[in-house]
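Comments concern the structure below.
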Amino acid sequence: MPGDRDSAIGRARSVFDDGGFVERLTALVAYATESQVAERRDELYRYCSDGFGPLLQQAGFETRIYDNPRAEFGPFLIGTRIEDASLPTMLIYGHGDVVRAMPERWRQGLDPWRLQIEGDRIYGRGVVDNKGQHLLALEALRAVIAERERLGFNVKFMVETGEETGSPGLLPFIQQHRDVLAADAFIALDGPRQSTSVPDVTLGTRGGVALDLVIDLREGSHHSGHWGGILADPGFLMAHALASIVSQDGRILVPGWTPTQIPNSVREACARVVVEDLPGTPVPDAGWGEPGLTRPERIYMWTSVIVLACITGQPEAPVNAVSGTARARIQVRHTVDVLAETIVPNLRAHLDAHGLQMVRIVPVTERDNFVASRTDPDNPWVQRMVRSMALTAGRQPNVIPTNSASGPSEFFKEELGIPVMWIPHSYGGCGQHGPDEHGLGTLFRDGLGLMAGVFWDLGEG
């Protein structure tokens, strides 16, 4: 006899309590799926064929591994479970690749490829980004199937293996396989929550544009005593260029780089976001950033600009000489309210207006840039998700209009014409992309119940 919603939630949480979740995550973490390392390409295929693929099959999915349209990059794993063609179809997304492991930087006693538990912390590369999170989605689906004896909707489960390198080949893959990926809504589990006590549903991602600023005045360097004061110094010129872009208190000064209009639904969502300061995470600097905006507004509806690197001369061995060159890389993260194609022209006009014509702008093309994306907070699918999460959590979730990071949201939203929702189950101090990456057992257990409730409710409508 089919069970009920509470039973499905309890069953999902019991997967963590009885050790099944950790056992399966241990096996997945052991796959060294560094997409930034060309020699790991076979390991990306193994993750799909021997790691996560069999877990999908055990849950009643038909699976297929697709080669990347860009042959030098990793594959795509697609699992399909169609219960009735007349039912809604959810496209669930995750990525099996991870950033470089950097084992030499992990704390003594920790191994990025060996899962280890210390108290509530579960350590391992990919535990939160993203193996643990897409495993969580699958375990919640399995709990609903076990209780209801069906889902009540169709699922297409996609795992890509190149997200950490900018998802090369993803856009043409979607374009070539629209029928395979066709769905009514997109759900992904990735990223950190804003609070360990309040769940999030995130509706998009910021776009990311990286630029190199280059000043090349002359070949070589020249004696500082003989030539200092009469040769233009590219280091100071670069400092002036950077200072013209962002003020001393963190305000963006380039016209066109910040939104001129922001939808009311986005402003209202930002106003309700609950943010928690977590141990081990930085404390925002008072007085830095756009005046009059709250912390959520600066992150989720505004633009940010940072300097990734800057060099002139020889920092590793300074010499008494006037350098001939300077170079800086900056990164601009923006919402859909700022068009990516205007970033470079607006900066060029800005630098020229400040007499900095000697500064060349070189767009970074060594990795694909994600475009900005946002689903309207008032979308019916979003509201349905919010109601389900509130019922399980006992409080309203944070509705984040635009994730602080970047990702492939717009590829799915634009090419498939569906709303995009991200539901993260990590936290800000997880060490994602750095050494000692870890997740919290309490958040995984909470997430299993939360997603079982979501999937139960999706099958009710």
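Quick notes on this one:
- Residue tally, condition out of contact with any Pro (no Cβ under 6 Å at 6 or more places or on another chain) and either loosely packed, with under 13 Cβ neighbours inside 10 Å or not in a loop (DSSP other than H, G, I, E, B) (or both), over region 256-271: 6
- Pairing residues of region 263-289 that are touching a residue at least 40 places away in the same chain (Cβ under 8 Å) and small (G, A, S) with residues that are in a loop (DSSP other than H, G, I, E, B) and open to solvent by 60 Å² or more (accessible area, probe 1.4 Å), at Cβ distances under 7 Å and at least 6 apart in sequence or on separate chains, gives S265/D376; S265/D378.
- Selected residue (only one of V307, V332 is over 30 Å from N379 (Cβ atoms) and touching a helix residue (DSSP H, G or I) at 6+ places or on another chain (Cβ under 8 Å)): V307
- Conditions (1) at pLDDT 95 or above; (2) surrounded by fewer than 18 Cβ atoms within 10 Å (Cβ to Cβ); (3) not aromatic (F, W, Y): number failed by P234: (2)
- Qualifying residue in region 336-347 (condition: open to solvent by less than 60 Å² (accessible area, probe 1.4 Å) and more than 28 Å from G162 (Cα to Cα)): yes
Results for (1) closer than 28 Å to G119 by Cα; (2) within 16 Å of the chain's Cα centre (by Cα); (3) open to solvent by 30 Å² or more (accessible area, probe 1.4 Å), shown as yes or no for each residue.
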| position | (1), (2), (3) |
| --- | --- |
| L391 | no, no, yes |
| N398 | yes, no, no |
| P408 | no, yes, no |
| K413 | no, yes, yes |
| P424 | yes, yes, no |
| L450 | yes, no, no |
| G453 | yes, no, no |
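- Of the residues making up region 310-328, at least one is touching a Pro at 6+ places or on another chain (Cβ under 7 Å), open to solvent by 10 Å² or more (accessible area, probe 1.4 Å), among the polar types (S, T, N, Q) and farther than 30 Å from G166 by Cα.
- Of all residues in region 45-63, at least one satisfies being of a type in the set (S, T, N, Q), in contact with a Cys (Cβ under 9 Å, 6 or more places away or on another chain) and either open to solvent by less than 10 Å² (accessible area, probe 1.4 Å) or over 18 Å from V127 (Cβ atoms) (or both).
- In region 11-21, the residues that are surrounded by fewer than 17 Cβ atoms within 10 Å (Cβ to Cβ) and assigned to a helix (DSSP H, G or I): S14, D17, G20
- Taken over region 426-442, the criterion of being within 18 Å of the chain's Cα centre (by Cα), open to solvent by less than 10 Å² (accessible area, probe 1.4 Å) and more than 17 Å from G94 (Cα to Cα) is satisfied by C430, E437, H438.
- Selection status of I306, surrounded by 21 or more Cβ atoms within 10 Å (Cβ to Cβ), touching a residue at least 24 places away in the same chain (Cβ under 8 Å), closer than 18 Å to G428 by Cβ and of a type in the set (A, V, I, L, M): no
- Pick from region 276-323, criterion in a loop (DSSP other than H, G, I, E, B) and acidic (D, E), ranking: farthest from I252 (Cα to Cα): E316
- Test: L181 is touching a Ser or Thr at 6+ places or on another chain (Cβ under 7 Å) and crowded, with 19+ Cβ neighbours inside 10 Å: no
- Taking the conditions (1) in contact with a strand residue (DSSP E or B) (Cβ under 9 Å, 6 or more places away or on another chain); (2) farther than 23 Å from W381 by Cα in turn, D84 satisfies each one other than (2).
- Search result, residues across region 46-83 that are small (G, A, S) and closer than 27 Å to G152 by Cα: G51, G53, A59, G60, G79
The values are calculated or read from the model by the stated rules, or taken from the named source; none is laboratory data. This one's a predicted model, so the numbers in the text were calculated from it and none came from an experiment. Heads up, the Cβs are rebuilt from the backbone with ideal geometry, glycines too, and the neighbour counts pull from every protein chain shown. Ligands, DNA and RNA are excluded from the accessible area calculation, which covers all protein heavy atoms including side chains. Shrake-Rupley method; radii C 1.70, N 1.55, O 1.52, S 1.80 Å.
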